[in-house]
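The values are calculated or read from the model by the stated rules, or taken from the named source; none is laboratory data. The model shown is predicted, which means the values in this text are computed figures rather than measured ones. Virtual Cβ from ideal backbone geometry, glycine too; neighbours counted across all protein chains shown.
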Amino acid sequence: MGAIAEDGKFMVEKFNGQNFSLWKMQMEDYLYQKDLYLPLDGKSKKPKDMDDEEWNLLDRKALGTIRLCLVASVAFNISKETTTEGLIKALEKLYEKPSASNKVFLMKRLFNMKMSEGGSVADHLNDFNTVTSQLCSVGVNFDDEVRALLFLCSLPESWNGLVMAISNSVSGSSTLKFDDVVGAILSEEMRRKSSGETSGNALSAESRGRKMERGKSSGYRSKSRKGRSKSRLGIVCWK
């Protein structure tokens, strides 16, 4: 979404053709705050005690409010719409249609999503939830455990230790819960921040640990080979 349309304490980002489901939700909330929500569902929602002139004025106010929350390129596409209901339906047809290509695009975006080393978990979580919400709006839903697994897979290498710990905490018929996984990751991020530990430090420590283990193992094998060599050199063959 693009620039912000602001009115007092309420703010709605101008819709630029992306994240329609999120913008639509915020736009509806904004119209409720302004008492302009009735025209969203058309004239069938007109109160019996309201005459046509009052209704047309209310509808025009809601229509103008929505158009002010669109970037110019999007507003141009729906410039012929004269009612709030018609405007919303036109936007849904353009930006909410559950086409196969849209589903493929969103699925690729979700599966390729990766949090950067040292990045904010909260920001990454917002991006993750945005994409899964968009998929839900076009009929692609994930159960709670799949969402939890996808989120764990999207974490960088420095989080591998926690990912393994969370994965191993589930046994039998029990399954991972998305909220529990997110809570554990956010708590770990707070712990790292309070201790001054960065993702880079965590990754370096993990790498050093693996190198030390490999070094010990290599040293043991080397000593074993040397021991065997000395034994062979010390053998005396009696005739």
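Do we find a residue being more than 16 Å from the chain's Cα centre (by Cα) and not assigned by TED's automatic domain parsing to the domain that holds SER21 anywhere in region 148-157? Yes: region 148-157 contains one or more residues that are more than 16 Å from the chain's Cα centre (by Cα) and not assigned by TED's automatic domain parsing to the domain that holds SER21. Out of region 121-160, which residues are free of Cβ contacts under 8 Å to residues at least 24 places away in the same chain, assigned to a loop (DSSP other than H, G, I, E, B) and closer than 19 Å to GLY183 by Cβ? Answer for region 121-160, where residues must be free of Cβ contacts under 8 Å to residues at least 24 places away in the same chain, assigned to a loop (DSSP other than H, G, I, E, B) and closer than 19 Å to GLY183 by Cβ: PHE142, ASP143. Quick one: in region 1-40, which of the residues that are at pLDDT 80 or above and among the acidic types (Asp, Glu) is farthest from ILE78 (Cα to Cα)? Once the filter is applied, the top-ranked residue is ASP35.
Listed conditions (1) free of Cβ contacts under 8 Å to residues at least 60 places away in the same chain; (2) in contact with a strand residue (DSSP E or B) (Cβ under 7 Å, 6 or more places away or on another chain) are all met by LEU38, apart from (2).
Given the criteria outside the structural domain of PHE142 (by TED's automatic domain parsing) and either on the phi < 0 side of the Ramachandran plot or modelled with pLDDT under 95 (or both), does ARG191 qualify? For ARG191, the condition - outside the structural domain of PHE142 (by TED's automatic domain parsing) and either on the phi < 0 side of the Ramachandran plot or modelled with pLDDT under 95 (or both) - is not met.
Region 28-101 holds helices (runs of 4 or more DSSP H) entirely within its bounds, and those carrying 2 or more residues that are closer than 19 Å to GLN18 by Cα and of a type in the set (D, E, K, R) map to 84-95. Candidates SER158, SER171, SER154, SER116: the one that is modelled with pLDDT of 90 or more and more than 26 Å from GLN18 (Cα to Cα) is SER158.
The sole residue among SER116, SER101 that is surrounded by fewer than 16 Cβ atoms within 10 Å (Cβ to Cβ) and farther than 30 Å from TRP159 by Cβ is SER101.
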